[in-house]
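Q: Handing you this structure, nothing more for now.
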Amino acid sequence: MKLWITWGLVLMTSLLPAGLMASNEAPTADQETRTQPIDQLQLSEAVICETLEAFKPLNSSVVFSVTMGSVMCFTAFNHIPEQTSIFHDWIRRDKLVFRKKLLLKTPRWASVSSIQLREADIGAWRVEVRDADGNLLRTLRFSITD
Amino acid sequence: MPLFIEKLLAVIRWQDVLDILLNSYILFRLYIILRGTRLFIIVVIIFLLLIIQQIIATSSMILTHAVLQGIAALTAIGVLIVFRYEIRGIFQTKNLKDLLWHVSTKPVITPVEIIAGSVYHLARKKIGALIVLPGRQPVDAALQNSVSWNGQVSREMIESIFWPGNPVHDGAAVIQGDQINRVAAILPLTERTNLPMRFGTRHRAAIGLTERSDALVLIVSEERGEVTIAHMGHIETVKNASSLETRLRQHTGMFGASPQRTSNERRSAAFAFLLSLIVVSSVWYSYSLGFVRGLTTVEVPIEYVKRDSQMEIIESSSTSVRIQLSGSLQLISRLDPNQIKVRFDLSKAVAGRNSITITEDNIILPPGASLKKVEPSSINIMVDTLGQKRLPVQVDWTGVLPPGILVQDIQLDPAAVEVIGGQLLLTEMDTIYTAKVPVDGLKQSGNLRAALALVPASLRLAPGQETSIRINFKVRPRQLVVSP
């Protein structure tokens, strides 16, 4: 029951035009990824950020203060062969807290999910980005601090 | 072999044997010293009271137990007060060797022929006389104003003591063995009112003493010249010296052949010692194995045996159990908790959750102890087989970032580590975290080291893995968020 109190999840499923997605940074330690065939769904960017500005992630980081009120998971895809869906699994300390299904449209698409933060959310987190079949595309690790 | 003998042999120690023998001998000596006295009966009554009190104590009859305890204590104090002269007499008349070793009670022969002859000689001359021959009970406490004499018994001595011109002739003479110990002794008078008129003060005194002790008193009447004896409050006239000798021999215990008497005494003493041994052994058995029982509760750690080397207990609902035991007071008082084991055979345990009910088969108790209660009655354990897994490392940041700073990027070395732990546990684990890493001081890019937090404790790093990782981090200024 604590979850629905803690998790006033606000989701934004953004239909972001592909041309507006500029970031193509290489994944780092907090961004584990899987190689994907070129004709398949390609995850071009995935970050945890404070907010969006002009449809781009702003202040992406691995440490967020709980005083921010919310954090977002931004994912952008290329080579989307057909309309499909992906999942953002928000996990705190190996425990799945929330799973959000997001729609992807051809040929490129970006989607965002976010969570509202509470004091009890302080700790280590990760977001697992999975395709429609549940295959892990990337893991984004971050911490919520004071 | 009967069960109780098996139990006895299992628990008895050399100290217990010595304990029984020592106390048996003490009881035997008490019997030897006190036999034939009124004190003996009282001591037996106190002993019986104590036994009844112990039986009642086990029956949880609190009030009766308290009352009996009081009665036994009061009786013991009463005995000391009422029988103080007898108790003093025992220690005065016996030396240490008599108290600890001697069995025979008649080492000195009383010259009954001389006494009988003297008495009848005095009777013929109508010279009054009063002679006391104590039995087993001391008479000192009943005598008044006596004069110490300590002379060898002889006809002349007796006749001279009671010669009317002798200053000490008017009291009683006390003969102990072959010695006249005291003379001119004033005896307590009887309070009986139904005595014949012919009995004067001398007879009344004789009866009075025999009412209070087991002494035999000879009376020579100066008016009638007759000899009477008083014993146990009764009085009778003795016709001749021969009859008197017989009575005196009976009283002094010298009747019959001496070797026969010695043999009887030895047999009697052996029987008394055997009886003491049986009584003490019974009491010891009652305390150590028998009906006087106690309760105790012991916290015992659980031991798991026959565990597969690849199997690990990763969780247990309890690491120890509380065992309530009952057993003899002796056993309970010297109980060593290490004697109690709680063991579970894990040869049939399967990976996952196992519920084990604690039965008597799981508990090893010292001989003589019996199980009353076990808490908890069952144990839940999570058993897992050991496995190895490579887990990515995640930094567990904490604290407050300096204002205007973002930790944009981090690189970990190593980024993942091999850990060993239960298969079930590893299945549920996807990440290994570092210990808390404070962010408060991160003002510029750099690196730091952080230890790995191995949680739960059953988790361990594979050989060759470092216990800490290096964190290279990049910080940058935080962009201002423009509100829409």
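Q: So how strong a dipole does the range B:285-375 carry about its Cα centre when Lys and Arg Cβ are +1 and Asp and Glu Cβ are -1, to the nearest 20 debye?
A: Dipole magnitude for the range B:285-375 comes out near 240 debye.
Q: One-quarter of the Cα convex hull surface for chain B, in nm²?
A: The number I arrive at for chain B is 45.1 nm².
Q: Got a sec? Which residues of the range B:421-460 lose 50 Å² or more of accessible surface with every protein chain in place, vs. that chain alone, 1.4 Å probe?
A: Residues meeting the cut-off: B:Y433.
Q: While we're on this one: Need one number: convex hull volume per residue for the range B:150-214, Cα atoms only, in Å³.
A: Each residue corresponds to 99 Å³ of Cα convex hull volume.
Q: Continuing with the same structure: Please determine, in degrees from 0 to 90 and to the nearest 10, the orientation of helix B:112-124 with respect to the longest principal axis defined by the Cα atoms of chain B, where the helix direction is its Cα long axis.
A: Result, in degrees: 40.
Q: Separate question: Using a 1.4 Å probe, what is the accessible area per residue for the protein assembly as shown, in Å²?
A: In whole numbers, the protein assembly as shown has 52 Å² accessible per residue.
Q: Which residues, if any, in the range A:50-86 have at least 10 Å² less accessible area in the whole protein complex than in the isolated chain, probe 1.4 Å?
A: With the partner chains in place, the range A:50-86 has these residues losing at least 10 Å²: A:E50, A:T51, A:E53, A:L58, A:N59, A:S60, A:S61, A:V62, A:V63, A:M68.
Q: What percentage of the solvent-accessible surface of the range B:344-451, computed with a 1.4 Å probe over protein heavy atoms, is contributed by carbon and sulfur atoms?
A: In the range B:344-451, the share of accessible area belonging to carbon and sulfur is 50 percent.
Q: Can you give the accessible area buried between chains A and B, summed over both chains, with a 1.4 Å probe, in Å² to the nearest 100?
A: When A and B are taken together, about 2200 Å² of accessible area is lost.
Q: In whole angstrom, and with the biggest value first, how far do the Cα coordinates of the range B:334-447 range along each principal axis?
A: Result, largest extent first: 75, 32, 19 Å.
Q: Can I ask one more? May I ask for the distance between the Cα centers of the range B:433-479 and the range B:208-237, given as a whole number of Å?
A: 113
Q: Test of understanding: extend the Cα→C-beta vector of B:R470 to 7 Å, then name every residue of the range B:392-413 with backbone N under 12 Å from that spot.
A: B:411-413
Q: Sticking with this one: Cβ neighbours within 10 Å, averaged per peptide: list A:43-52, B:397-406, B:444-453, B:366-375 in order, most packed at the top.
A: Descending packing order for the listed peptides: A:43-52, B:397-406, B:366-375, B:444-453.
Q: How fast does the protein assembly as shown diffuse by Stokes-Einstein, in µm²/s, taking the Kirkwood radius from C-alpha pairs at 37 °C and 0.692 mPa s?
A: Answer, rounded: 93 µm²/s.
Q: Next question, about the same structure. R0 = 45 Å: FRET efficiency of B:Q144 with B:I26, Cβ-based, nearest 0.05?
A: Computed FRET efficiency for B:Q144 and B:I26 comes out at 0.80.
Q: Now a separate question. Which order, highest average first, do B:470-476, B:49-55, B:130-136 follow once you tally other Cβ atoms within 10 Å for each residue and take the mean per peptide?
A: Top of the packing list down: B:130-136, B:470-476, B:49-55.
Q: Something else: Name the residues of the range A:91-107 whose accessible area, probed at 1.4 Å, falls by at least 20 Å² once all protein chains are in place instead of their chain on its own?
A: A:R93, A:D94
Q: Between B:H121 and B:D19, what is 0.36 nm times their sequence separation minus the Cα-Cα distance? Round to one decimal in nm.
A: The B:H121-B:D19 span can extend by a further 31.0 nm.
Q: Per 0.36 nm of contour for each residue apart, how much would the distance between B:L448 and B:A76 grow if the chain were fully extended, relative to their Cα-Cα spacing?
A: This chain segment gains 125.5 nm when fully extended.
Q: Let me ask something else about it. Can you give the helix-only mean residue ellipticity at 222 nm for the protein assembly as shown, where every DSSP H stretch with n ≥ 4 adds -39500 (n - 2.57) and the sum goes over all residues, rounded to the nearest 500 deg cm²/dmol?
A: -9000 deg cm²/dmol
Q: Output the 0 to 90 degree angle, nearest 10, between the alpha-carbon long axis of helix B:14-34 and the longest principal axis computed from the alpha carbons of chain B.
A: Approximately 20 degrees, to the nearest ten.
Q: Let me ask something additional. Quick check on my link table: of A:K56/A:K100; A:K95/B:K306; A:K101/B:K389; A:K56/B:K443; B:K436/B:K474; B:K306/B:K372, which ones sit more than 24 Å apart, alpha carbon to alpha carbon?
A: The answer is A:K95/B:K306; A:K101/B:K389; A:K56/B:K443; B:K306/B:K372.
Q: Ignore the peptide's own chain and count Cβ atoms of other chains within 10 Å of each Cβ in B:389-397; give me the average, rounded.
A: 5
Q: Run the reach check for B:K239 against lysines, Cα to Cα strictly under 26 Å, same-chain hits fewer than 8 apart removed. What comes back?
A: B:K125, B:K126
Q: Can you order the peptides B:310-322, B:384-396 by their average number of other Cβ atoms within 10 Å per residue, highest first?
A: Top of the packing list down: B:384-396, B:310-322.
Q: Ok, one more. Which distance in nm do the two modelled labels at B:T385 and B:Q69 give, with both placed 7 Å along the Cα-to-Cβ direction?
A: Rounded to a tenth, the inter-label distance reads 6.2 nm.
Q: Any chance you could run the full-extension gain for B:S160 through B:S326? It's 0.36 nm times the residue separation minus the Cα-Cα distance, nm to one decimal.
A: 52.3 nm
Q: Measure nothing fancy, just the Cα-based angle from helix B:201-212's long axis to the longest principal axis of chain B, in degrees from 0 to 90, nearest 10.
A: Value to nearest ten degrees: 20.
The values are calculated or read from the model by the stated rules, or taken from the named source; none is laboratory data. This one's a predicted model, so the numbers in the text were calculated from it and none came from an experiment. Counting neighbours? That spans all protein chains shown, and the Cβs are built from the backbone with ideal geometry, glycine included. Areas reflect the complete protein model, heavy atoms only, side chains present, ligands, DNA and RNA absent. Shrake-Rupley method; radii C 1.70, N 1.55, O 1.52, S 1.80 Å.
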